[in-house]
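Novice: Questions regarding the structure given below will be posed in turn.
Derivation of every value follows stated rules applied to the coordinates shown; laboratory data play no part. Just so you know, these numbers come straight off a predicted model, no measurement behind them. Note that we place each Cβ from the backbone using ideal geometry, even for glycine, and neighbour counts take in every protein chain shown.
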Amino acid sequence: MFEKNEIIVWDAGEIIYRVGDKSEEAYLIVEGSAELFTDDGLRLNQIGVNEILGETSILLGTNRTVTAAASAVGAKAKRIPRQYFSDLSNRDKVAAALMRKTQYRLIDSNRQSNALGLELDTISRLLGQLSDLLDSRDPVVVELHQRLAEIKKTLTIVRHLAAYPTTGTHQQSESETADEFG
């Protein structure tokens, strides 16, 4: 990560923040994108140009709830300080309540996605092992293989992201990238 002319630049795969890290600011993506992962490494989403990441923990006054990493094309962003969100909340209590409620729903959805993703990963692996024992010419087995292939395309779990502590004590080095942990 480096900063130039008020723009923060992350190289491809570089960790922006981790689950449990203290939150001081959010980021508005101005170029590239970032990917969000659960503490188990399930890829939740990709955040692109003119989208914000890191706002949940700011709005709720918590530590980071997901891990963010620059995507394969890297990311550039502007900092959005905590004070911006405080000022916004103080100006409009209804909007503040709406934003908090939306963030709680997002966290709940992320938890459910994580649980379902991990279960689907396990079921997919077990079905893959079982289908290898079946007649590969059987139309049902062919369909099973096709559906397993589709699941594997959409379900991304980056296990090395889950291997790191989520205590909030992690200090990122300037050159730290997700690829270094494989």
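Novice: Hey, got the dipole for the range 75-120? About the Cα centre, +1 on K and R Cβ, -1 on D and E Cβ, debye to the nearest 20?
Specialist: 280
Novice: Based on the mean of other Cβ atoms within 10 Å per residue, sort peptides 40-47, 63-70 so the most packed one is first.
Specialist: For the peptides 40-47, 63-70, the packing ranking is 63-70, 40-47.
Novice: Charges at C-beta only: +1 for Lys and Arg, -1 for Asp and Glu. How large is the resulting dipole of the range 2-174 about its Cα centre, in Debye rounded to 20?
Specialist: Once rounded to the nearest 20, the dipole reads 460 debye.
Novice: Ok, one more. Looking at [x] 35, 19, 14; [y] 30, 25, 14; [z] 62, 27, 14, which value of semi-axes √(5λ) of the Cα gyration tensor in Å comes from a calculation on the structure shown?
Specialist: [x]
Novice: In the range 2-174, how many lysine pairs have Cα atoms under 30 Å apart, counting only pairs 8 or more places apart or on different chains?
Specialist: Count of close lysine pairs: 13.
Novice: Determine the sum of side-chain charges near Ile80: Lys and Arg each +1, Asp and Glu each -1, restricted to other residues whose C-beta is under 10 angstrom from that of Ile80.
Specialist: Combined, the nearby Lys, Arg, Asp and Glu give +1.
Novice: Label Asp132 and Leu98 with points 7 Å out from Cα along Cα→Cβ: what is the distance between them in nm?
Specialist: Label-label distance for Asp132 and Leu98, simple model: 5.3 nm.
Novice: Using Cα pairs closer than 8 Å and at least 6 residues apart in sequence, work out the relative contact order for the chain, in percent.
Specialist: 31
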